[in-house]
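The values are calculated or read from the model by the stated rules, or taken from the named source; none is laboratory data. What you are looking at is a predicted structure, and each value in this text was computed from that prediction instead of being measured. With ligands, DNA and RNA removed, areas are computed over all heavy atoms of the protein, side chains included. Shrake-Rupley method; radii C 1.70, N 1.55, O 1.52, S 1.80 Å.
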Amino acid sequence: MKIEVQVKRFATAAAAAIVFIGANSAYGARSPVGLNATAVASTADIAAIERAANGRLLAIGRLDHLSRSNPSVSVLGQRFVLLASPGNTRFLEDAQIGRPVALFGELSAGKYFVEAALSLDGQYVQGVSRVYLRGSVSSVDRKLGLISVGAAVLDTTSFASRFVVDRFNSGANAAVIGTQPAIKGTILVETIRKVSVDASLGTGRTDASVGTGRTD
């Protein structure tokens, strides 16, 4: 029951975050994104959604796969489990492969739990629409400048100095913004930073780790 109440409350907050960006209130008077416009066309759009979501943004990107029988979706090579809620049920009913989506919730013990899944206005354009992913680093290739988060491969060579790559080790939690020129392909990183461990389900805290009581 506690989780259900939290899911309902957060679904409302997540929807407000998207409305906030759709109306572009952060950047002055500009028309909302049209259905034929490019979705999340700038890094600033994603950064604003992340701020409005208060650290609960998990991913923004192209919907690559969905399962209605076992509620889950695939975005940026990751599997996201959708928690039971009226909003997530409506999302699954209307979701279309290839459309841009935003997923909000928690990462616990290496698994993604989505409290609110929302379809975004505009068209997902490969290599132009910005994508976002938060997750645990599974491997680092310092020679090639590649970082893996689950099945997603991040190419940092287009922007990052060697120092940036050297800051990340396996197990570190990262938040990345970039573009994905090919469907299910490598993500070209524009910004990447370390983030704190997520809360476990039902704690009500945003900085709790699962079982340990530590934030690092």
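Fraction of C-alpha pairs exceeding 25 angstrom in the stretch 89-201: 26 percent, rounded to a whole number.
Accessible surface of GLU190, taken over heavy atoms with a 1.4 Å probe and every protein chain present, rounds to 60 Å².
Heavy-atom accessible surface of the stretch 60-154, averaged per residue, reaches 41 Å², computed with a 1.4 Å probe.
Surface composition of the stretch 43-152: carbon and sulfur atoms hold 50% of the protein heavy-atom accessible area at a 1.4 Å probe.
Between LYS111 and VAL81, the contour length at 0.36 nm per residue exceeds the Cα-Cα span by 10.0 nm.
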